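Student: Sharing a structure here in structure tokens format.
Every number here is computed from the coordinates shown, using simple stated rules; none is lab data. What you see is a predicted model, and the numbers here were worked out from it, not measured in a lab. Counting neighbours? That spans all protein chains shown, and the Cβs are built from the backbone with ideal geometry, glycine included.
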Amino acid sequence: MVGPGIVEVQMLKQLMKKFRLIECTVVEPSGEQITSYKNLVEEQKDALNGVTFDWRQETIQEFCKANADGSKKFHFVSAIHSCYFIAKQDLDFYLNTLCEWTKGKILIMLGAETGCFNRLEKKFFGSTHPSKMLPRENSIRESFQSLGVSYETKVIPGECDITSCFESDSRVGKLLLDFLLQRVGCRDDGPPELLKVIKEFLKTEGISHIRNGRIYAAVPTHVIVASTSYGA
Ligand SMILES: C[S@@+](CC[C@H](N)C(=O)[O-])C[C@H]1O[C@@H](n2cnc3c(N)ncnc32)[C@H](O)[C@@H]1O
């Protein structure tokens, strides 16, 4: 669960200070992201000497199902900003599987409820929107609680430059609005009135702030670290 691997390579370098040999299983459904990660590993091969990679182009759900025989064992599992597309009702099963396989730590990081993106979603997306079915930080905590797994949590601050959302000819702004509203082409084809209200919302105090003439949305991250001992 990795994306292009930028954060993960940094983590591997830190782990290498303590462990000389590391076996790293990369579970990522996007071929494009795996290629980026592989390129990064190639660029930094000297620094990563001692790490062997097992590339799996699949979702974590597919990975858990394909290895249901329980032969997988890990000391550390990370899912950084990649736990968004698992249906809430499936969460217990996948977290349980990961806990069964891990004797060590499971690190999950995801956008905090108080952040701009989540608050935008809460305010403007209907109750039947697919995003409402996705897990949030509280669903993950509840899952760990029901599994009897101990965990620690922390919220770390973050921000995202959303100035381009207000620049009518910006390509980045168009893509960022598509991402925020989860609809392709919303700037050019969406209802102009709704877009106006959303842009006003994005400028609301507490949602964003202006610094040096640029607009930054608050996007704090929730960090959850669970300690596991093959399920316990
Ligand atoms: C925002 S990127 C995270 C990148 C990186 N971890 C970081 O924080 O910079 C999210 C990645 O999670 C992957 N992803 C989404 N759903 C997933 C799932 N169910 N199983 C595994 N990976 C998933 C996506 O393909 C994407 O590459």
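Student: Give the number of residues within segment 154-170 that are loosely packed, with under 15 Cβ neighbours inside 10 Å and in a strand (DSSP E or B).
Tutor: Of the residues in that region, 4 qualify.
Student: Within segment 211-231, identify whether any single residue is of a type in the set (Gly, Ala, Ser), under 30 Å from Glu100 (Cα atoms) and touching a helix residue (DSSP H, G or I) at 6+ places or on another chain (Cβ under 6 Å), and answer yes or no.
Tutor: Checked against the condition, which is being of a type in the set (Gly, Ala, Ser), under 30 Å from Glu100 (Cα atoms) and touching a helix residue (DSSP H, G or I) at 6+ places or on another chain (Cβ under 6 Å), segment 211-231 yields at least one hit.
Student: Mind checking which pairs have a first residue in segment 46-59 that is acidic (Asp, Glu) and a second that is not in a loop (DSSP other than H, G, I, E, B), Cβ under 8 Å, 6 or more apart or different chains?
Tutor: Asp54/Glu23; Asp54/Cys24; Asp54/Thr25; Asp54/Val26; Glu58/Val27; Glu58/Ala66
Student: Inspect segment 143-153 for any residue being assigned to a helix (DSSP H, G or I), among the polar types (S, T, N, Q) and in contact with a helix residue (DSSP H, G or I) (Cβ under 8 Å, 6 or more places away or on another chain) and give the result as yes or no.
Tutor: Checked against the condition, which is being assigned to a helix (DSSP H, G or I), among the polar types (S, T, N, Q) and in contact with a helix residue (DSSP H, G or I) (Cβ under 8 Å, 6 or more places away or on another chain), segment 143-153 yields at least one hit.
Student: If you go through segment 1-30 one residue at a time, how many are in a helix (DSSP H, G or I) and of a type outside the set (A, V, I, L, M)?
Tutor: Looking only at that region, the number is 4.
Student: Name the single residue that is nearest to the ligand (Cβ to nearest atom) among those in segment 7-20 being surrounded by fewer than 18 Cβ atoms within 10 Å (Cβ to Cβ) and closer than 16 Å to Val77 by Cα.
Tutor: Top of the filtered list is Val7.
Student: Kindly indicate whether any position in segment 39-47 is in contact with a strand residue (DSSP E or B) (Cβ under 8 Å, 6 or more places away or on another chain) and within 26 Å of Glu137 (Cβ to Cβ).
Tutor: No, that holds for no residue.
Student: Still on this structure: Among the residues of segment 21-30, which ones are within 13 Å of the ligand (Cβ to nearest atom), crowded, with 17+ Cβ neighbours inside 10 Å and closer than 19 Å to Ile106 by Cα?
Tutor: Val26, Val27, Glu28
Student: Let me ask another. Is there a residue in segment 180-197 that is over 18 Å from Phe125 (Cα atoms) and among the aliphatic types (A, V, I, L, M)?
Tutor: Within segment 180-197 (the criterion being over 18 Å from Phe125 (Cα atoms) and among the aliphatic types (A, V, I, L, M)), the answer is no, since none of the residues qualifies.
Student: So, one more: Answer with yes or no whether Gly173 is of a type in the set (Gly, Ala, Ser), loosely packed, with under 12 Cβ neighbours inside 10 Å and either out of contact with any Ser or Thr (no Cβ under 8 Å at 6 or more places or on another chain) or not in a loop (DSSP other than H, G, I, E, B) (or both).
Tutor: no
Student: Scan (1) under 21 Å from Val223 (Cα atoms); (2) touching a residue at least 60 places away in the same chain (Cβ under 8 Å) for the single condition Lys123 breaks and write down its number.
Tutor: It is condition (1) that Lys123 fails.
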